[in-house]
Amino acid sequence: MGSLDMDSMAASIGVSVAVLRFLLCFVATIPVSFLWRFVPSRLGKHIYAAASGAFLSYLSFGFSSNLHFLVPMTIGYASMAIYPPLSGFITFFLGFAYLIGCHVFYMSGDAWKEGGIDSTGALMVLTLKVISCSINYNDGMLKEEGLREAQKKNRLIGMPSLIEYFGYCLCCGSHFAGPVFEMKDYLEWTEEKGIWAVSEKGKRPSPYGAMIRAIFQAAVCMALYLYLVPQFPLTRFTEPVYQEWGFWKRFGYQYMAGFTARWKYYFIWSVSEASIIISGLGFSGWADETLTKAKWDRAKNVDILGVELAKSAVQIPLYWNIQVSTWLRHYVYERIVKPGKKAGFFQLLATQTVSAVWHGLYPGYIIFFVQSALMIDGSKAIYRWQQAIPPKMATLRNVLVLINFLYTVVVLNYSSVGFMVLSLHETIIAFKSVYYIGTVIPIAVLLLSYLVPVKPLRPKTRKEE
């Protein structure tokens, strides 16, 4: 394709040439993942996974991107080979250090805001994959008794070979934008073991229906995004006209700006969902004994209605960037809770801080994730009140359900401004324009929850009934 064609095509959908090149390579992951099915032998499949990922990265971001990817891959593999007992620890800190270095050097957030693109997004996904691989290799050396279910399921008893490791790291369906998956799953999928083993009835799940649904979803999201984006530019927050509006109009604009931005992520995750489904890796078991309905949860990174209509803020991580939320739960949250203790606000805040640093060292990200820890904790408090209301007072209980829903909508869309504008100055201007409503409400709720502590109702025992 000539550069002239690229220019006119990019102009017609209103993106830069770099972004168009990325989008074409990104959509190409669907046919490339489909062809994976026809590659003979395990070795062939690993080589194909690694080579296709590296080649699409080269086409999309240029040659240097693959050199960037080599750094965390080398850190992870070398730490497993040289000092296995601490390999997870080493990979976690060095992997994150390199990612932060790239974030700072490329200032990727500014580039993304201005319509540019670089390989940092793919590097973010890769960093999580090499860390989980090293930690699971670590877990493989521990005694099975003390391990949690997730650790038992994902632990690696042997060290993966270099070609398996490269295939896992660069496998093209998930390389650009996630979803993150486990080394154990990648190996079982390639070797047709575990849930990928052909069932006694010789049935393999058919990916076509699920893939078409994901592609259709991607098309709808893209169309909605392209329709909404010119109407709600992020620059409006710093324009004088915005300051002249009343409170409700400003708040409505913040909601719509957040709503608009989410469709871009929905589009990207729908495309990667399609490519992970068509390769077969997305398969996560059968819905029932009859083996008629296949589940494709491993490929799913977002539940659109779940996010937009979340009943409480606690549900957001279960519906938004699902695989990264799962990763944070398994490799950060659960590992900083002392055995026998319950996780509290500190664990939540630490996990959200790791998530913020992973996204990039912008004040907007840090503010967003501290806000989200407040938001989730406040939502838990409302939920506790809701549970403490006796069943007889169903109306009051429903009122609290509605309050929690509205609380989530308000605080989430207020907080997400930071995630979109990134700079401290712009974030504060936007927050101030709505009187910091999304910070004040969660803090007020949390203070109230200390003043009005509740004991959940004990379920009645059989005798009392």
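The values are calculated or read from the model by the stated rules, or taken from the named source; none is laboratory data. This one's a predicted model, so the numbers in the text were calculated from it and none came from an experiment. Cβ sites come from the backbone with ideal geometry, for glycine too, and all protein chains shown count toward neighbours. When the accessible area is computed, the model is the full protein with side chains, heavy atoms only, and any ligands, DNA or RNA have been set aside. Shrake-Rupley method; radii C 1.70, N 1.55, O 1.52, S 1.80 Å.
Tabulated values for the structure
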item: In the range 147-169, residue modelled with the lowest pLDDT [restricted to those that are more than 25 Å from the chain's Cα centre (by Cα) and open to solvent by 70 Å² or more (accessible area, probe 1.4 Å)]; result: Ile157
item: Entirely in the range 154-220, the helices (runs of 4 or more DSSP H) that have 1 or more residues that are of a type in the set (Gly, Ala, Ser); result: 162-170, 172-175
item: Where a residue in the range 1-16 is of a type outside the set (Ser, Thr, Tyr) and its partner, wherever it lies, is modelled with pLDDT of 85 or more and exposed (fewer than 11 other Cβ atoms within 10 Å of the Cβ), with Cβ under 8 Å and at least six apart; result: Gly14/Pro230
item: Filter result for Leu70 (out of contact with any helix residue (DSSP H, G or I) (no Cβ under 6 Å at 6 or more places or on another chain), outside any helix (DSSP H, G or I) and open to solvent by 20 Å² or more (accessible area, probe 1.4 Å)); result: no
item: Of all residues making up the range 41-67, the number that are open to solvent by less than 50 Å² (accessible area, probe 1.4 Å), more than 14 Å from Phe166 (Cβ to Cβ) and part of a helix (DSSP H, G or I); result: 4
item: The lone exception for Leu412 - which of (1) in contact (Cβ under 8 Å) with a residue 40 or more places away in the chain; (2) part of a helix (DSSP H, G or I); (3) surrounded by fewer than 18 Cβ atoms within 10 Å (Cβ to Cβ) it fails; result: (3)
item: Residue satisfying condition, being of a type in the set (Lys, Arg), in contact (Cβ under 8 Å) with a residue 12 or more places away in the chain, surrounded by fewer than 22 Cβ atoms within 10 Å (Cβ to Cβ) and within 24 Å of Ser60 (Cα to Cα), within set Lys113, Lys129; result: Lys113
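Conditions (1) open to solvent by 20 Å² or more (accessible area, probe 1.4 Å); (2) more than 30 Å from His46 (Cβ to Cβ); (3) in a helix (DSSP H, G or I), marked per residue:
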{"residue": "Tyr266", "(1), (2), (3)": "no, yes, yes"}
{"residue": "Ile278", "(1), (2), (3)": "no, no, yes"}
{"residue": "Val314", "(1), (2), (3)": "yes, yes, yes"}
{"residue": "Tyr331", "(1), (2), (3)": "no, no, yes"}
{"residue": "Ile336", "(1), (2), (3)": "yes, yes, no"}
{"residue": "Thr353", "(1), (2), (3)": "yes, yes, yes"}
{"residue": "Ala356", "(1), (2), (3)": "no, yes, yes"}
